[in-house]
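Encoded as structure tokens, the structure appears first; notes follow it.
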Amino acid sequence: MALMASSRTKLSRLLTIFTEKAQNLKSGSCFHGVSGRFGANPNAGLQGALFYSSSALASKESEVIGSRRMGWEILGVKDYEDYRRSLYGEITHKALLVDAVGTLVVPSQPMAQIYRQIGEKYGVEYSEAEILNRYRRAYEQPWGRSRLRYVNDGRPFWQYIVSSSTGCSDSQYFEELYNYYTTDKAWHLCDPEAEHVFKALRKAGVKLAVVSNFDTRLRPLLRALNCDHWFDAVAVSAEVAAEKPNPTIFLKACDLVGVKPEDAVHVGDDRRNDIWGARDAGCDAWLWGSDVHSFKEVAQSIGVQV
């Protein structure tokens, strides 16, 4: 007990130092008055490299929380988990939020291959490499018709992407391609142990939610993959009217499962959308493929043995 108390005192002092330094840095002139919040790069490990999110407008309290998390990551993930267990018990989080594409599910075939394969009968002549390059250029362009890419079923946005990528504006081609990505032929689960792990988490009392930048096809897709019943809630950007990294979508997910943001951890494969966005909402966040590599590892990190 004395050793544990000594360790906590040491960690508390270090966190105070990190908090003060982060606040001092934020008030400096190097960011030219841009308001935002410090956080920790999930890949930085013990080096504690910093990122700065200029789009994150946070309260003073949130800034302190963010800088404390930075301190924990410098000390190590295990120290942070031990700290949470000292506060909450063995199970460190009341809810797990999961990204969809790239974390829960992945495409079964390369996008460019499908665009060309289906498009051949509609006169698409571009190579897969050209389709991929054109797709990337189109996807990275600002979507001028709305502040959101995915509104309702997302058809206008995807029509623009498909025609820009392939040079084909045939409506029948678009509909065949659009509908294909609602089926279990187009997608498969990223982790074959996901169902077993999620059942264990729910049995332990951990709430589960999907948080995804997607259109309204996500729900039928989850049903097609027979995994919709694993989750207590689904927060889709097209329904919430907010896309990651906007904290609103994470806050909505927390509200749907009835937990406070600080009691939830989000897992996703995109540092900006998933990690920075979740942390700006006040949640913990782990980068899929870096901080965690399987849902079993996620469950164990939360404190649930599978």
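The values are calculated or read from the model by the stated rules, or taken from the named source; none is laboratory data. Keep in mind it's a predicted model, so treat the numbers as computed, not measured. Reconstructed Cβ throughout: ideal geometry from the backbone, glycine too, with neighbour counts over all protein chains shown.
Got at least one residue in the stretch 143-153 being under 15 Å from residue 236 (Cβ atoms) and surrounded by 20 or more Cβ atoms within 10 Å (Cβ to Cβ)?
Among the residues of the stretch 143-153, at least one is under 15 Å from residue 236 (Cβ atoms) and surrounded by 20 or more Cβ atoms within 10 Å (Cβ to Cβ), which makes the answer yes.
Pairs linking a residue in the stretch 85-102 that is of a type in the set (Asp, Glu) to a residue that is modelled with pLDDT under 95 and assigned to a strand (DSSP E or B), with Cβ atoms under 6 Å and 6 or more positions apart or on different chains, do not occur. In the stretch 113-140, the qualifying residues are those that are part of a helix (DSSP H, G or I) and hydroxyl-bearing (Ser, Thr, Tyr), and the one that is farthest from residue 174 (Cα to Cα) is 139. The test for being over 23 Å from the mean Cα position of the chain (by Cα), within 30 Å of residue 278 (Cα to Cα) and either charged (D, E, K, R) or not assigned by TED's automatic domain parsing to the domain that holds residue 175 (or both) does not hold for residue 136.
Within the stretch 181-201, residues that are hydroxyl-bearing (Ser, Thr, Tyr) have Cβ atoms under 8 Å from residues that are surrounded by fewer than 19 Cβ atoms within 10 Å (Cβ to Cβ) in these pairs: 182/220; 182/224; 183/224, counting only partners at least 6 apart in sequence or on another chain. Taken over the stretch 224-257, the criterion of being of a type outside the set (A, V, I, L, M) and under 17 Å from residue 103 (Cα atoms) is satisfied by 226, 227, 228, 230, 231, 237, 243, 244, 245, 250. Does the stretch 99-113 contain any residue that is at pLDDT below 80 and out of contact with any Gly (no Cβ under 6 Å at 6 or more places or on another chain)? No, there is no match, as no residue in the stretch 99-113 is at pLDDT below 80 and out of contact with any Gly (no Cβ under 6 Å at 6 or more places or on another chain).
I need the full set of residues from the stretch 165-195 which are surrounded by fewer than 16 Cβ atoms within 10 Å (Cβ to Cβ) and of a type in the set (S, T, N, Q), in order please. Passing the criteria: 169, 171, 172, 179, 183. Each residue in the stretch 274-300 was checked for being crowded, with 22+ Cβ neighbours inside 10 Å and small (Gly, Ala, Ser), and 5 of them qualify. Has the stretch 141-155 got at least one residue that is out of contact with any helix residue (DSSP H, G or I) (no Cβ under 8 Å at 6 or more places or on another chain) and outside any loop (DSSP other than H, G, I, E, B)? Within the stretch 141-155 (the criterion being out of contact with any helix residue (DSSP H, G or I) (no Cβ under 8 Å at 6 or more places or on another chain) and outside any loop (DSSP other than H, G, I, E, B)), the answer is no, since none of the residues qualifies.
Return a yes/no flag: does the stretch 222-229 have any residue that is modelled with pLDDT of 95 or more and more than 30 Å from residue 115 (Cα to Cα). Quick ask: steps written out before the conclusion?
At the first step, the residues of the stretch 222-229 found to be modelled with pLDDT of 95 or more are 222-229.
Keeping just the survivors that are more than 30 Å from residue 115 (Cα to Cα) gives 229.
Checked against the condition, which is being modelled with pLDDT of 95 or more and more than 30 Å from residue 115 (Cα to Cα), the stretch 222-229 yields at least one hit.
Here are some conditions: (1) closer than 21 Å to residue 193 by Cα; (2) out of contact with any His (no Cβ under 7 Å at 6 or more places or on another chain). Residue 260 meets all but one. Which one does it not meet? The number of the failed condition is (1). Restricted to the stretch 191-200, and to residues there that are in a loop (DSSP other than H, G, I, E, B) and touching a helix residue (DSSP H, G or I) at 6+ places or on another chain (Cβ under 9 Å), the residue that is farthest from residue 110 (Cα to Cα) is 193.
Tallying residues that are under 18 Å from residue 274 (Cβ atoms) and in contact with a His (Cβ under 8 Å, 6 or more places away or on another chain) within the stretch 196-235 yields 1.
Starting from the stretch 123-135, keep only residues that are exposed (fewer than 15 other Cβ atoms within 10 Å of the Cβ), then list their pairs with residues that are modelled with pLDDT of 95 or more and among the acidic types (Asp, Glu) whose Cβ atoms are within a distance under 9 Å, requiring at least 6 positions of separation or different chains. As it stands, the answer is 123/170, since those pairs meet every condition given.
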